[in-house]
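Any read-out appearing in this document is the output of simple, stated calculations on the displayed coordinates, not a laboratory observation. Keep in mind the model is a prediction, meaning the values are calculated, not measured. So basically every Cβ, Gly included, is an ideal-geometry build from the backbone, and we count neighbours across all protein chains shown.
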Amino acid sequence: MTKIGCHPWAKFDVDPRIQKIIMQIKHASYFSGITSKQDGQMKPYGDGRDEVALLNRKKYFEKVGLDIDKSVAVNLVHGIKVARVDQNYAGQIVQDADALITNVADLILTITVADCVPIIFFDQVNKAVGIAHAGWRGVVGNIVSNVVEAMQENFDTNQSDLTVNVGPHIQKCHFEIQNDVADKFSDYPKSIVKQDGKIFVDLQSAIKHQLTSIGVQPQNIEVSDECTYCLTGKYFSFRRDKPEILLAMMAYVGLYSLHG
Ligand SMILES: [Zn+2]
């Protein structure tokens, strides 16, 4: 992100018409992304092991021109709770939630994933963003509808204005489950794939179904087809790597501000 600071735009001899367009674009825009394996382990544990994650986060944010002090992390618990955050949360780790929402510009909402699904929400009318972490428990618990409801209550979001981005995660090619978990997907029969005596779950199709059921427009839902398990060189995968300590990528979202 380019910081404008106290330098007047005119100093750069920008045509006022172009300047206005840039301002409009920036006002309407959000930034988001996901780190890769090369960027290192990003999960903060809230203890001594944090040093590596914090260093990796700092390096990454510097690389993409973001300020780590504006970032908010969350201690994920595979639940369905949504936390609204503002500038008071900058640099903090929110406890016991799996989704964050805000309408404060420049804050960077972050979660970590290593097979679970990162989901990003953007309301361009009311200028608000959200991010959720969903493993199979979060999907069964319908965390995405909790995020949409929280955005409606807090920011007057209309679901038909929402853009939703479902990021890289373990896809049906590799997410094998047993009968006990498959039973929990009884509301989403199309998400269960049986093949060669094995059962696989298609998390993204269940998420898409949940989003469209509450009025998010199908054309506003973008889904990544990247599988974290398949892409050995690019992503950490908990199921593939079976590490003693979870190594995870960071997904993030924030609103641009003109007053950086
Ligand atoms: Zn795969």
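Here are a few things to note about the model shown:
- For region 103-161 versus region 180-248, the inter-centroid distance based on Cα atoms is 17 Å.
- Acute angle (nearest 10 degrees) that the helix 50-64 long axis makes with the longest principal axis of the chain, alpha-carbon atoms: 50 degrees
- Between helix 16-28 and the chain: long-axis angle, C-alpha atoms, 0 to 90°, nearest 10: 30 degrees
- Under Karplus coefficients 6.51, -1.76 and 1.60, residue-wise ³J(HN,Hα) of region 89-102 in Hz, glycine/proline x: 8, 4, x, 9, 10, 6, 8, 6, 8, 10, 8, 10, 9, 7
- Local electrostatic count at Lys198 - Lys and Arg +1, Asp and Glu -1, tallied over other residues with Cβ under 13 Å: 0
- Using θ = phi - 60° in the Karplus curve 6.51 cos²θ - 1.76 cosθ + 1.60, the 3J(HN,Hα) couplings for region 182-193 round to 4, 4, 6, 9, 4, 6, 10, x, 6, 8, 9, 10 Hz; x is entered for Gly and Pro.
- Summing charges over all other residues whose Cβ lies under 13 Å from the Cβ of Gln87, with Lys and Arg as +1 and Asp and Glu as -1, gives -2.
- Estimated dipole of region 51-116 in Debye, rounded to 20 [Cβ of Lys and Arg +1, of Asp and Glu -1, Cα centre]: 80 debye
- With helices as the sole contributors, the chain gives -7500 deg cm²/dmol at 222 nm; each DSSP H run of n ≥ 4 counts as -39500 (n - 2.57), and the sum is divided by every residue.
- Each Lys and Arg Cβ is given +1 and each Asp and Glu Cβ -1; about its Cα centre, the chain then shows a dipole of about 480 debye.
- Relative contact order [Cα under 8 Å, 6+ residues apart], region 109-260, whole percent: 32 percent
- Ordering of 248-254, 172-178, 223-229, 138-144 by burial proxy (mean other Cβ atoms within 10 Å per residue, highest first): 248-254, 138-144, 223-229, 172-178
- Taking the Cα centre of region 72-162 as origin and assigning +1 to Lys and Arg Cβ atoms and -1 to Asp and Glu Cβ atoms, the resulting dipole is close to 180 debye.
- Region 124-260: C-alpha gyration tensor shape, a/c 1.5 cut-off, then a/b vs b/c: oblate
- Rel. contact order, % - alpha carbon contacts under 8 angstrom, at least six apart, the chain: 26 percent
- In terms of its C-alpha gyration tensor, region 191-260 comes out oblate, because a/c is 1.5 or above while a/b does not outweigh b/c.
- Crossing angle, helix 143-155 versus the chain [Cα axis fit, 0-90 degrees, rounded to tens]: 30 degrees
- Cβ-based charge dipole, region 38-188, positive-most Cα from Phe155, Thr112, Ala182: Thr112
- Whether region 45-197 is rounded, prolate or oblate, judged on the alpha carbon gyration tensor where a/c under 1.5 counts as rounded: oblate
- Spacing of the modelled spin labels on Gln178 and Ile68, each 7 Å from Cα toward Cβ, amounts to 4.1 nm.
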